[in-house]
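Student: Provided herewith is a single structure, encoded as structure tokens, for subsequent inquiry.
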2 protein chains.
Amino acid sequence: MAMKHALKVTRKEDFSAWYQEVITGADLAENASVRGCMVIKPYGYAIWERMQRILDDKFKELGHTNAYFPMFIPIDLFEREAEHVAGFAKEMAIVTHHRLEQRDGKLVPAGELEAPLAVRPTSELIIGESMARWAKSYRDLPILVNQWCNVVRWEMRTRMFLRTTEFLWQEGHTAHETEAEARDEAVRMHEVYKWFICDVLKMFGIAGKKPDYDRFAGAQDTYTVEAMMQDGKALQAATSHHLGQNFAKAVGIEFQGRGGKLQYAHTTSWGISTRIIGGLIMSHSDDDGLNLPSAVAPYHVVIIPLIRGENAQDILDYCRKITAMLPKDVRYHIDTKEYAPQNKQWDYVRKGVPFILEIGNNEVTSGSVCVTKRLSLEKQGMSLSEFAGSIEKMLIEHDETLQKRNSDFCNSKIVRVSSYEELSDFFRSGNTGFVQAKWTGTSENLERLDELAVSIRCIPSAQSGTKGRCVLTGAETTTDAIFAKSY
Amino acid sequence: MAMKHALKVTRKEDFSAWYQEVITGADLAENASVRGCMVIKPYGYAIWERMQRILDDKFKELGHTNAYFPMFIPIDLFEREAEHVAGFAKEMAIVTHHRLEQRDGKLVPAGELEAPLAVRPTSELIIGESMARWAKSYRDLPILVNQWCNVVRWEMRTRMFLRTTEFLWQEGHTAHETEAEARDEAVRMHEVYKWFICDVLKMFGIAGKKPDYDRFAGAQDTYTVEAMMQDGKALQAATSHHLGQNFAKAVGIEFQGRGGKLQYAHTTSWGISTRIIGGLIMSHSDDDGLNLPSAVAPYHVVIIPLIRGENAQDILDYCRKITAMLPKDVRYHIDTKEYAPQNKQWDYVRKGVPFILEIGNNEVTSGSVCVTKRLSLEKQGMSLSEFAGSIEKMLIEHDETLQKRNSDFCNSKIVRVSSYEELSDFFRSGNTGFVQAKWTGTSENLERLDELAVSIRCIPSAQSGTKGRCVLTGAETTTDAIFAKSY
């Protein structure tokens with residue numbers, strides 16, 4: 001089975017076509033008839049639901065509550081924060097009419113709105129308006145809210161999961177009494193994302209701060225996790241923003257402080273979107289399709305009954321016996337659809353199911369199972385009791401293998417350079433990966449990076465502390481930065 | 001405590017103002033700055049989350065999987081189903097531009113779209129397009145999908161939860177091989193809604209079929225649960241539609257049947273929205289505010305520490321001792337905010353928390369709790385061990401009392417009439433409630449109901465089978481129907 005590949009194209013041949021093949025082969029999503037929009041199919045959505053549950057439980061554990069705010073935002077609200085609107089104005093869907101009319105046998109927009117509405121690209125302003133009503137006294141702070149919703153950014157070049165006009169995300173928004181509390185919150189949520197991306201999803205990511213010129217529009221500081229994909233490019237996987245008092249001033253989040261005086265709150269926002277599914281795909285998948293960490297795998301075990309004529313009942317009974325013996329937390333599926341077992345097996349390989357069982361007469365008679373391990377594609381026979389007794393351990397091993405494989409790969413793609421020449425040579429010779437180098441943090445000579453189609457991904461939280469020369473200015477500095485091509 | 005009321009206005013004085021007061025008093029929602037839109041605040045959203053979890057678990061148990069489809073729908077897709085578009089064209093938000101530009105110091109829409117997009121009012125057509133791709137053979141059926149999302153219907157007169165421009169809902173969509181299977185599915189989901197509304201939410205509702213002239217736009221049959229509110233009006237609480245082959249033909253859901261021939265699928269759709277929160281409010285709340293069945297109450301028990309100076313630590317320790325003794329499924333909250341305990345108590349009465357505990361020095365010293373039961377507003381002292389041991393039983397009694405109170409009230413508001421004169425007299429004399437009467441099912445003389453501002457809510461699934469005369473035509477029939485004013 002390891003001789004041929006389940007996908008039509010390999011990573012090496014065409015990474016971009018391969019990515020698309022993984023999505024199609026695993027039945028994760030498809031293009032919709034609406035430009036730039038996608039349909040997240042049941043198997044893809046089940047992964048998102050697992051992600052949601054894990055994050056939502058964590059947010060609640062930390063004291064956040066969910067709420068829901070309008071998707072439509074009055075345009076004049078955007079005018080309140082100049083940097084913010086400058087960052088989003090070029091990609092907003094605008095609602096201008098509120099009905100359709102038949103005219104010359106065609107449906108056309110009618111009922112023009114006096115004031116057009118934007119579909120939310122993000123919700124700092126509209127949520128801030130509510131916070132301004134809620135925060136009357138320091139006793140009402142902190143306000144810790146989150147919403148799971150759809151947002152729209154009109155993208156010209158779209159790509160499934162990575163960049164679509166509409167996408168799903170969570171956006172957390174908090175308001176605090178002091179600057180220190182707001183900064184702590186932004187950092188705390190940054191750490192939650194790092195935990196989620198690296199520990200739960202087993203991806204490789206570097207946590208750090210965005211360069212000043214690349215912060216979220218209107219933010220004071222943006223913290224990011226930059227994950228490395230198998231083509232060596234960076235994916236900004238989740239961000240957390242310390243917004244200072246910018247938005248509080250724009251929408252009037254003012255409260256009575258402990259001294260009795262009115263003062264502005266300090267706010268944060270933080271989000272992770274369905275884009276992370278694209279990152280997950282490009283981190284773990286191989287030339288046979290998707291691979292999933294057990295935490296978000298819709299199924300840990302899929303059972304394919306090998307039904308030929310009259311043996312159906314015995315085999316199905318045995319399949320149910322298997323599932324009855326599995327530990328409670330093991331998610332399974334018995335596929336009884338009327339399709340050929342051989343095709344099904346390849347389907348589940350492409351879907352990245354960690355363990356695929358084929359159950360035929362042999363297994364029923366001998367009380368055994370035939371297991372294909374997705375990561376090695378090796379088949380192994382074992383007794384049913386052995387399988388049921390070791391599946392939890394097998395899942396842990398599956399996760400460890402997945403993580404080690406990805407982390408070994410990514411670590412091998414990190415290089416250190418000490419001059420612009422080295423940096424430039426690295427990328428110009430077609431190498432990919434994360435380049436660690438010194439940078440002073442000014443905007444000087446940034447255009448030299450544009451020439452390489454490379455950007456500063458982050459200033460890692462873990463700094464070496466060593467002295468060196470900035471690769472863009474030659475000035476001495478201790479600051480390490482990560483340079484890479486990116487999605 | 002039972003002498004005054006926690007709300008400024010009673011049901012009797014002004015039902016509509018009272019409804020608004022319940023929402024404000026319980027901190028469920030607020031108007032947004034966007035016309036017709038609302039903010040669902042954390043306490044209101046927590047109720048919705050409980051509802052979602054219960055329904056979602058049930059859907060999955062029945063084999064449905066969640067997915068996500070684009071919010072934007074090309075207008076020409078609506079042209080495929082004439083009845084459907086006629087039903088929704090007058091209330092759709094239309095996106096016509098994809099960016100904002102500064103012009104004369106003001107932000108204005110720019111980047112006009114070649115083809116305007118509608119924001120989904122419902123998703124039969126766009127989901128049908130996907131189903132047309134997915135259903136290749138009878139082996140691929142049934143397709144059972146659901147999505148939790150926001151939808152937009154441009155309402156001219158809006159009211160919190162009941163009728164807002166944007167609202168949240170779930171919409172289930174299924175495709176089947178045969179007509180019988182589709183009908184069974186529509187009925188099955190209708191029964192799920194009846195269970196949810198009557199058994200889980202403890203509301204009073206009559207399940208039945210909508211009159212032909214009041215079906216969902218494009219449906220063959222619409223099944224509904226009509227709940228009775230405390231002002232005697234009906235609220236259409238959830239609907240399930242058997243769509244026949246109408247939508248399958250409109251979007252081409254064609255599959256290879258068992259005989260090898262291509263045939264059209266039979267589809268259904270079914271939904272329940274945040275409107276049900278409005279129904280829940282108008283079913284159970286009283287002049288002191290909200291009341292909640294335990295299944296969806298964010299907290300079953302709220303503890304208010306009566307902190308005065310130096311006793312704080314002892315009291316907080318004792319509060320934590322209480323919560324440690326509560327059974328695992330009991331949801332609790334200790335309110336340590338720096339506000340006066342007396343105000344807090346009234347807040348939680350208005351929020352409909354089933355049991356409110358005030359814990360001061362007395363309770364700590366005597367190892368007791370002081371419990372206010374929300375439904376009776378009676379305070380009762382009991383030992384901590386007694387409380388912890390009986391809280392589950394107390395919650396069951398709370399639910400039973402809630403249900404009986406509402407069901408007694410609603411049953412008293414059902415009357416039977418046998419002629420139009422009786423029907424007309426009933427409503428013209430200012431009575432409210434559900435009127436059961438015979439109806440032949442034709443559209444003859446329906447304008448006589450318009451004069452009374454009354455409509456036929458449903459043809460109940462439970463039919464008496466007795467003969468009588470149609471109150472609109474005088475013709476003999478056995479069919480019972482429910483007539484009422486409605487939301």
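The values are calculated or read from the model by the stated rules, or taken from the named source; none is laboratory data. Keep in mind it's a predicted model, so treat the numbers as computed, not measured. Reconstructed Cβ throughout: ideal geometry from the backbone, glycine too, with neighbour counts over all protein chains shown.
Student: For residue A:121, state whether it is surrounded by 19 or more Cβ atoms within 10 Å (Cβ to Cβ) and in contact with an Asp or Glu (Cβ under 8 Å, 6 or more places away or on another chain).
Tutor: Criteria met by residue A:121.
Student: Can you tell me which residue among B:89, B:93 is free of Cβ contacts under 8 Å to residues at least 24 places away in the same chain, in contact with a Leu (Cβ under 9 Å, 6 or more places away or on another chain) and within 7 Å of another protein chain (Cβ to nearest Cβ)?
Tutor: None of the other options fit; the residue is B:89.
Student: Go through (1) more than 7 Å from chain A (Cβ to nearest Cβ); (2) modelled with pLDDT under 95; (3) assigned to a helix (DSSP H, G or I) and name the single condition residue B:128 misses.
Tutor: (2)
Student: Follow-up. Just a yes or no: is a residue in the stretch B:24-31 farther than 20 Å from residue A:148 by Cβ, free of Cβ contacts under 8 Å to residues at least 12 places away in the same chain and away from chain A (no Cβ under 11 Å)?
Tutor: Within the stretch B:24-31, one or more residues are farther than 20 Å from residue A:148 by Cβ, free of Cβ contacts under 8 Å to residues at least 12 places away in the same chain and away from chain A (no Cβ under 11 Å).
Student: Another question about this same structure. What are the residues in the stretch A:449-487 that are part of a loop (DSSP other than H, G, I, E, B) and surrounded by 16 or more Cβ atoms within 10 Å (Cβ to Cβ), if any?
Tutor: A:454, A:470, A:471, A:472, A:473, A:479, A:485, A:487
Student: I need the strands (runs of 3 or more DSSP E) fully contained in the stretch B:1-118, keeping only those with at least 1 residues that are surrounded by 16 or more Cβ atoms within 10 Å (Cβ to Cβ) and within 23 Å of the chain's Cα centre (by Cα).
Tutor: It comes to B:29-31, B:38-40.
Student: For residue A:35, which of the numbered conditions (1) closer than 26 Å to residue A:131 by Cα; (2) within 11 Å of chain B (Cβ to nearest Cβ) fails to hold?
Tutor: That leaves (1) as the condition not met.
Student: Given the structure, is residue A:314 in the same structural domain as residue A:388 (by TED's automatic domain parsing) and not in a helix (DSSP H, G or I)?
Tutor: no
Student: I would also like to ask the following. Right, residue B:244: closer than 30 Å to residue B:136 by Cα and assigned by TED's automatic domain parsing to the domain that holds residue B:65 or not?
Tutor: So residue B:244 passes the test.
Student: Looking for whichever is within 30 Å of residue B:359 (Cβ to Cβ) and surrounded by 13 or more Cβ atoms within 10 Å (Cβ to Cβ) here; the options are B:392, B:400. Which one fits?
Tutor: B:392
Student: Let me ask something else about it. When you scan the stretch A:10-28, do you find a residue that is on the phi > 0 side of the Ramachandran plot, assigned by TED's automatic domain parsing to the domain that holds residue A:157 and out of contact with any Lys or Arg (no Cβ under 8 Å at 6 or more places or on another chain), even just one?
Tutor: No.
Student: Continuing with this model, one more query. Quickly run through the stretch B:150-207 and pick out the residues that are of a type in the set (Phe, Trp, Tyr), touching a strand residue (DSSP E or B) at 6+ places or on another chain (Cβ under 8 Å) and more than 14 Å from chain A (Cβ to nearest Cβ).
Tutor: B:193, B:196, B:204
Student: Here's a check for you: in the stretch A:327-358, which residue that is among the aliphatic types (A, V, I, L, M) and part of a strand (DSSP E or B) is nearest to residue A:26 (Cα to Cα)?
Tutor: Among residues in the stretch A:327-358 that are among the aliphatic types (A, V, I, L, M) and part of a strand (DSSP E or B), the one nearest to residue A:26 (Cα to Cα) is A:356.
Student: Does residue A:315 count as within 14 Å of another protein chain (Cβ to nearest Cβ) and modelled with pLDDT of 95 or more?
Tutor: When the stated conditions are applied, residue A:315 does not pass them.
Student: Within the stretch A:131-142, work out how many residues are at the interface with another protein chain (Cβ under 9 Å from one of its Cβ atoms) and either touching a helix residue (DSSP H, G or I) at 6+ places or on another chain (Cβ under 7 Å) or closer than 15 Å to residue B:119 by Cα (or both).
Tutor: Qualifying residue count, the stretch A:131-142: 2.
Student: Oh, and also: Tell me whether the stretch B:350-366 contains one or more residues that are within 14 Å of chain A (Cβ to nearest Cβ), touching a residue at least 24 places away in the same chain (Cβ under 8 Å) and crowded, with 19+ Cβ neighbours inside 10 Å.
Tutor: Among the residues of the stretch B:350-366, at least one is within 14 Å of chain A (Cβ to nearest Cβ), touching a residue at least 24 places away in the same chain (Cβ under 8 Å) and crowded, with 19+ Cβ neighbours inside 10 Å, which makes the answer yes.
Student: Moving on to the next point. Which of the residues that make up the stretch B:406-448 are surrounded by fewer than 18 Cβ atoms within 10 Å (Cβ to Cβ) and under 22 Å from residue B:199 (Cβ atoms)?
Tutor: Of everything in the stretch B:406-448, those that are surrounded by fewer than 18 Cβ atoms within 10 Å (Cβ to Cβ) and under 22 Å from residue B:199 (Cβ atoms) turn out to be B:407, B:408, B:409, B:411, B:412, B:414.
Student: Then there is this: Which ones in the stretch B:171-207 are in contact with a Gly (Cβ under 6 Å, 6 or more places away or on another chain) and either without any contact (Cβ under 8 Å) to a residue 60 or more places away in the chain or surrounded by fewer than 24 Cβ atoms within 10 Å (Cβ to Cβ) (or both)?
Tutor: Within the stretch B:171-207, B:171, B:198 meet the criteria.
Student: Go through (1) touching a Pro at 6+ places or on another chain (Cβ under 7 Å); (2) of a type outside the set (Val, Ile, Thr); (3) in the same structural domain as residue B:374 (by TED's automatic domain parsing) for residue B:393 and report which single condition fails.
Tutor: That leaves (1) as the condition not met.
Student: Which residues, taken from the stretch B:38-54, are facing chain A (nearest Cβ under 7 Å) and among the hydrophobic types (A, V, I, L, M, F, W, C)?
Tutor: B:39, B:40, B:46, listed by residue number.
Student: Could you list, in sequence order, all residues of the stretch B:55-70 that are at the interface with chain A (Cβ under 7 Å from one of its Cβ atoms) and hydrophobic (A, V, I, L, M, F, W, C)?
Tutor: B:67, B:69
Student: What is the residue count in the stretch A:102-116 for residues that are at the interface with another protein chain (Cβ under 8 Å from one of its Cβ atoms) and either among the hydroxyl-bearing types (Ser, Thr, Tyr) or in contact with a helix residue (DSSP H, G or I) (Cβ under 7 Å, 6 or more places away or on another chain) (or both)?
Tutor: Final tally of qualifying residues: 2.
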